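The values are calculated or read from the model by the stated rules, or taken from the named source; none is laboratory data. The structure displayed is predicted, hence computed values, not measured ones. Glycine gets a Cβ as well: all are built from the backbone with ideal geometry, and neighbour counts include every protein chain shown. Just so you know, the surface numbers come from the protein's heavy atoms only, side chains and all, with ligands and any DNA or RNA stripped out. Shrake-Rupley method; radii C 1.70, N 1.55, O 1.52, S 1.80 Å.
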Amino acid sequence: MFPLPRESSETAESGGFLKRLIPSNFQPFSLFARCVWKLEGYYDTQDIGQLEEAIQISKQIVSATPTGRQGNLHARYALASCISARFFRLGLEQDANEHFLIADGLLKDYPNGWKGTTLSAWPSISKNDLISLLCRCFMPTAKLAYKVDICKQALESESLKATDRYLTLVITALILVDKYRYSEENEDIEAAHQFVQQADSLKASGRIKLARRPFLDFWGCIFYGPNQGKDSNIGLRTLITHSQCLCRSPHVTLGDLDASIEYSRRTFIKLHPWKDTGLDSLCDFMELICYRIWVVHSQLLSSGDTEELHLQHANDKHELDQLLLRAIALIPDVRLSVPQNQLPGLAIYGPPGRFLELVLSRGKWNDWEEQGGAIVDILGFPLQKKLLALCSKTLDLLPNVVILGLGHDSRIRILRFGPQLSWMTASLALTGGAPKTAILALETGRSLFWNQHLFLRDSFRHIPKRYADRLRALSTSLLAKESADVSGNSISTPHRLETIYELNGLVGEIRQNPDFVDFMRRPALVKILPPSMKSPIVILVPGKTCFAIIIHNLSKIEHLSLPDLDYPGLRKLLRSMHRGDQLNGRATTDIKRLKVRMDARGKESEVLKAFSDLFKYVVKPVICALALSAKRDRSDRPRLWWCPTDLFCGLPLHASGIYTPQGKPIDCTSDYCVSSYTPSLSALAHNQNRWMSREKRPGRIKGRVLVAAEANPNRHGLSYLPDVDAEISCIQSVIPNELLMTPQFTEGGSVPASDGIMPCIHSTPDDVVAGLPHASVLHICCHAEQGVSDALKSRFFLRDKDLTLAELLALELPEAYVAVLCACETHSLDVDQIDQSVNLTTAFFYAGFPSVVGTLWSMADGDGPLVADILYRSLFQEGRINMNPDCVAYAVDEMMRTIREGGSAPRNWATFIHVGI
């Protein structure tokens, strides 16, 4: 990744590049001058208020100067610069997008820049300046490709002067290098080579006059050159080779790798190790040393022992040992590198966030499985122990990156840094025989989004009142801001940040108390285990070798390796489960249903094979370790909680087993136990504690039922669901009318006598949100989908509009007991951040429902009535609801068995899971 934009040396020496945009005849208090002075004041003081003022002033100028008028380009240029500055402070994606749109618009409106004259008094802005403005903010790969196209278009212009052409070639090469670092496509790096060669030829002509330009500092062209600016093309060539080595390009030779390691060593020694690009250098250095260790190890295996290779291997291991120690020692400095009075964005894009991304996400400690062994296996125990210490301590940086109080969307996006961080640390701990360390690592990094969500809703009864009152007030304020964000009534950024500062400052103050040193830090194991350990909990951890951690109680925790399953095998299992889906499902579009129908043909045998492999390689070893035996009496089977991590989250562990080609069970999970799931140990403990406190509360739960349904939403190309009406009829035939809530529910209200209409149905999101606080049972039957690019946009398709996951986060549900989500994909994976478990099922679990019935993928529309009939006949007896949480798990198990024994396709019944206590 390119170095972050910063003030260039030219800015520091001459009063700032933007100041030179001010026309010579402007008075100091004109709007444009005020904008630039505010921006310069922000750079001097880091006061976000001055930056916000600069943005507002520049917007006023833009609105007052139409396109083509004098000053329009300069005003929009200044606005883009302000927006860019805010992006690198707050890390808001909308700022990056807005900056991109402004800069792109300038290039289209002013394709040749602006040629200043003595009459206009406005200084010139070249096309190259506009290109550099466009390329300033980091963008996803798709927009990097667009930037390359813009540069290529500029290079096609015959009027482009030699110096501008040279600089455009440099910019294009750098963008391609950045794109290659993310795409690892060889054509990107080959194109970068070609642009560097063109730049070399142009520079050799002697026509290039390089003046200091701000974007040269932004892109780090000069930094990457070993001669510090004397020949930036040498730096570009070095950067290209360096990127090829980091991405393990097949075109890289061992000599290239040696040169790249030497370049990293020289750069690392020269720079501050935890500031700016010095952090990149440390991470690159570690990664390349690891890669050479692996290369030399492979050569030792293939070529036999040689003294030279052994010496190289030993030296590299020693150097990596020193780098790991250096990285561990840096962590306190990394944490302190973001002062309390600076904004969260600095933590995201500054040292803590980059430390997570670079050291761990790019560390590739578990890569190269298919090439003869992961690097972590080659390092040996002493280095593994240091690597574990680095990973564990780096996990503690997460709260410095995912700042408590940031909006939901910001925290979700930030958590994409280092998605494999938790399970990789746990895998290292289990390799060293430390299951408790593995559990703490998983609980620290997984479900952080939800843990912060619960913290803001805590009563804080366990801390002194003088702190609790202030925490409640600040939490309430931030929750109100989050609710406003969801409803579209945005709260100004400075006000939110003031509250965040105060809250985080109060957390620091509480930690000064000796009794609360670890407040909101890594929890003790005793605090995250559920209070009622009546049945074991099994945590599944992926890796080069997969592991299962079996928790019987606090004093009895064991782990076992699953030697027949590695990460590629796990990925293959998941692909087999999800490749085909059932026919006539509650899928979200007709196109999807057509695809599903085509994929499902001939895939049932593949699914049954996947069920068998999952049982033999994962579930059966756990069952044997627990000494469980198959039970003829279904009610005599014990419960078992699964806590899957990473790709395990998408597998139907409850459905695994050996089946006949017709789907009849021979030996399967449900013969031994009744399976439930939990996203984390702390989530299970939290809901168990909440349920036990609710049982002690005076006045029993009323047991009211809210039914939300929409068979034909008439939008998004959604298909009609013909079995929804039959599903509702099944509910009405089992549940007494007085327990069914109407959309106009009031205390003591009941369902009026039916005259062919269904008065109990809540069809709109507003009706559902208004009724949920009074409901004990929620039943939803409609279309649904998991948000692919934004998990917060996971939604149920109801009448008029959608009910999104983001809207569920603001709910308080004191009466909640069980939610039955008869819709597609309610417990589907968010592949960008699997371990945060951001889906509709988990949202209801964290919102207060002790039990939630969800779906791993699509469900068959025709199964809805059967699901409703079996579940509610088990839960409602003699007109009253059974409030024993165990009853829900057994009812879900019975429902799945019934659908299976009816001859339904494996995916139809395997999709249903129980998440809860």
For the structure I just gave you, tell me whether ASP723 is at pLDDT 90 or above and open to solvent by 30 Å² or more (accessible area, probe 1.4 Å). yes
With the condition kept exactly as written, say whether any residue in region 822-839 is among the polar types (S, T, N, Q), modelled with pLDDT of 80 or more and under 19 Å from GLN732 (Cβ atoms). no
Which one of ILE834, ILE899, ILE913 is open to solvent by 10 Å² or more (accessible area, probe 1.4 Å) and among the aliphatic types (A, V, I, L, M)? ILE834
Contact list, first residue from region 151-171 and farther than 15 Å from ASP200 by Cα and part of a helix (DSSP H, G or I), second anywhere and at pLDDT below 80 and open to solvent by 60 Å² or more (accessible area, probe 1.4 Å), beta-carbon distance below 8 Å, six or more apart or interchain, is none
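For (1) modelled with pLDDT under 90; (2) of a type in the set (Gly, Ala, Ser); (3) part of a helix (DSSP H, G or I), each residue gets a yes or a no:
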site	(1), (2), (3)
VAL768	no, no, yes
GLY771	no, yes, yes
HIS779	no, no, no
ASP800	yes, no, no
ALA806	yes, yes, yes
Boolean, ALA819 is among the hydrophobic types (A, V, I, L, M, F, W, C), crowded, with 24+ Cβ neighbours inside 10 Å, touching a Leu at 6+ places or on another chain (Cβ under 7 Å) and assigned to a helix (DSSP H, G or I): no
Test: residue in region 275-285 that is modelled with pLDDT of 70 or more and basic (Lys, Arg): no
Please specify each residue of region 31-47 satisfying the condition of being surrounded by fewer than 23 Cβ atoms within 10 Å (Cβ to Cβ) and either closer than 21 Å to ILE131 by Cα or touching a Leu at 6+ places or on another chain (Cβ under 6 Å) (or both). TYR42
Can you name every residue in region 781-798 that is buried (at least 24 other Cβ atoms within 10 Å of the Cβ) and assigned to a helix (DSSP H, G or I)? ALA791
Just to confirm my filter: which helices (runs of 4 or more DSSP H) fall fully inside region 403-452 and include at least 3 residues that are farther than 16 Å from ILE551 by Cα and at pLDDT 75 or above? 408-414, 421-431
